[in-house]
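Have a look at the structure below before the remarks.
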Amino acid sequence: METVGHAKTEFKDPSLLLSSLHLLVPPLQLMSAAMWQVVQQKDMMHYGKLEEFVSLVMETVPELLSDRQRTQLNVGLRERTTGGR
């Protein structure tokens with residue numbers, strides 16, 4: 001039995017919690033939070049995924065950044081992904 005706050009709830013299948021997570025947190029917010037963690041932790045291993053996510057968001061909402069800002073962001077991410085090579 002697991003206690004959440006003051007209510008006692010019995011969870012027989014922990015995977016049920018994960019499967020219902022998408023109902024609580026919209027996927028874009030969840031992905032944004034994960035990518036923000038990559039940035040904060042400077043997790044170079046996942047910068048490729050961060051670059052893909054930024055590109056996807058920019059394709060979806062092109063007016064979010066100017067062309068210059070988008071270019072600077074992409075170049076900066078690529079430099080970090082390749083280690084400045």
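Among the residues of the range 76-85, those identified as surrounded by 10 or more Cβ atoms within 10 Å (Cβ to Cβ) and not hydroxyl-bearing (Ser, Thr, Tyr) are 76, 77, 78, 79, 80.
Scanning the range 40-68 for residues that are within 13 Å of residue 81 (Cβ to Cβ) and open to solvent by 50 Å² or more (accessible area, probe 1.4 Å) yields a count of 6.
The values are calculated or read from the model by the stated rules, or taken from the named source; none is laboratory data. Predicted model, so just to flag it, every value in this text is computed and none were measured. Backbone-built Cβ (ideal geometry, glycine too); neighbour counts: all protein chains shown. Remember, those area values only see protein heavy atoms, side chains included, never the ligands or the DNA or RNA. Shrake-Rupley method; radii C 1.70, N 1.55, O 1.52, S 1.80 Å.
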